[in-house]
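See structure below.
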Amino acid sequence: MTIQENISLKEYNTFGVECYAKRFVSIDSFYGLQQLVNKEKDLFLISGGSNMLLTKNIDTLVALINIKGISIDKEDEGFVYLTVNSGENWHEFVLWCISQNYGGLENLSLIPGNVGTCPIQNIGAYGVEVKDTITKVEALHVESTKLETFSNAECDFGYRNSIFKNEAKGKYILTSVSFQLTKNQHQLNTSYGAIETALQEKNISSPTIKDVSDAVISIRQSKLPDPKEIGNSGSFFKNPVITSSQFLELQSIYPTIPNYTISNTETKIPAGWLVEQCGFKGKRYGDAGVHEKQALVLVNYGNASGKEIFLLAKKIQQAVFEKFNIQLEIEVNII
Ligand code: EPU
């Protein structure tokens, strides 16, 4: 285990923000992780770096969780049960599943980040959330250095939420995630409008999981910036949930307001629409900006600092609040 000093974290966060770690260590085995945690409890963890905005240098030891490996735990006629170590890249894992004809994750193609962080915010896209396939999560309890297992129910998943963002926050290091995937009789979810259209355009009437994955990849590529080209962290804000009465009031002023009914009393509004209505879509302030095709995504055109991006987010929150009386919640971890 080599501890390096004064390491730039630019390549370890998908926003591509320049910040420095005073001390940095890459961990590639569970044993190494346990050894580290035995010695040092105050750690700053980095995995795929896809859901964080660094606004300052990090003084505590930065540990890059890079533990790799996929194992098949068991198989039966219909399902395969897999355990994947947290340092595996998410999209590469999804592509591997598709190549093996394991179904369930195809709608989650091309999401940046690593497997170990997918349960934390319960990643979701195009009608599917990762909680639908997770059977359990294993995590190292920092205080006791023991490995603990969280069943799906114990993860307490919600929309972009889990126990790891709440009670368990900061107390555990996720080491592996186990999935139950289909081997045949895949439950395709093509109800999302853009997927249906993409499949129709290709004249595909009975799609395979690969067809769905390809459709998702092309939709994402057409709307969302590739972090390798333009720094970003996906959706910067959560889609807010408002009361149905507030929604009806807004609808009377903005008849075309997009919305998803959550219950009789609650409605979800796409944050991207709210941000666009406030005039921010495609706007650029120095190297910080709002993506031109999806206003929910803040971008770093090169040398924006985390502080500049955060200030832009604050400005957007204020404008949305003033115009719509809705408080946008930031989805990305601000460091
Ligand atoms: N919209 C606008 N302007 C915009 C963006 C969106 O008016 O700039 C409108 C669209 O016209 C549409 C609605 O908002 O009516 C929804 O847009 P979209 O389908 O792009 O989805 P979203 O609600 O903006 C969510 C997730 C994305 C996920 C997509 C597809 C959240 C916070 N975001 O976005 O997740 O890919 O649905 O399922 O729930 C991520 O979390 O990083 C992410 C990209």
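Descriptive notes on the structure:
- Candidates Leu45, Leu95, filtered to the one that is open to solvent by 10 Å² or more (accessible area, probe 1.4 Å) and in a strand (DSSP E or B): Leu45
- Any hit, region 245-255, residues being modelled with pLDDT of 95 or more, closer than 22 Å to Asn57 by Cα, open to solvent by 20 Å² or more (accessible area, probe 1.4 Å) and more than 15 Å from the ligand (Cβ to nearest atom): no
- Of all residues in region 314-332, those that are in a loop (DSSP other than H, G, I, E, B) and open to solvent by 90 Å² or more (accessible area, probe 1.4 Å) total 3.
- Residues (within 21 Å of the chain's Cα centre (by Cα), within 20 Å of Glu18 (Cα to Cα) and open to solvent by 40 Å² or more (accessible area, probe 1.4 Å)) located in region 280-304: Tyr301
- Matching strands (runs of 3 or more DSSP E) fully within region 99-197 where at least 1 residues are open to solvent by 30 Å² or more (accessible area, probe 1.4 Å) and among the charged types (D, E, K, R): 134-141, 147-151
- Region 207-233: number of residues that are part of a helix (DSSP H, G or I), surrounded by 19 or more Cβ atoms within 10 Å (Cβ to Cβ) and near the ligand (Cβ under 10 Å from one of its atoms): 3
- Residues within region 294-303 that are within 8 Å of the ligand (Cβ to nearest atom) and either out of contact with any helix residue (DSSP H, G or I) (no Cβ under 7 Å at 6 or more places or on another chain) or modelled with pLDDT under 95 (or both), tallied: 1
- Count - residues of region 259-282 that are within 8 Å of the ligand (Cβ to nearest atom), part of a loop (DSSP other than H, G, I, E, B) and out of contact with any Pro (no Cβ under 7 Å at 6 or more places or on another chain): 1
- Every condition in (1) under 21 Å from the mean Cα position of the chain (by Cα); (2) open to solvent by less than 30 Å² (accessible area, probe 1.4 Å); (3) of a type outside the set (Ser, Thr, Tyr) holds for Ile70 except the one numbered (2).
- Residue check for Leu250: aliphatic (A, V, I, L, M), under 21 Å from Gly127 (Cα atoms) and not assigned by TED's automatic domain parsing to the domain that holds Leu45: no
- Some residue of region 56-63 being outside the structural domain of Ser144 (by TED's automatic domain parsing), over 24 Å from Asn232 (Cα atoms) and not in a strand (DSSP E or B): yes
- Residues located in region 135-193, provided they are acidic (Asp, Glu) and either within 16 Å of the ligand (Cβ to nearest atom) or at positive phi (or both): Asp156
- Some residue of region 2-24 being part of a strand (DSSP E or B), of a type in the set (Ser, Thr, Tyr) and without any contact (Cβ under 8 Å) to a residue 24 or more places away in the chain: yes
The values are calculated or read from the model by the stated rules, or taken from the named source; none is laboratory data. Nothing here was measured: the structure is a model prediction, and the numbers come from that model. Because the Cβ atoms are built from the backbone with ideal geometry, glycine has one as well, and the counts that use them run over all protein chains shown. These accessible areas exclude ligands, DNA and RNA; they are computed on the full protein's heavy atoms, side chains included. Shrake-Rupley method; radii C 1.70, N 1.55, O 1.52, S 1.80 Å.
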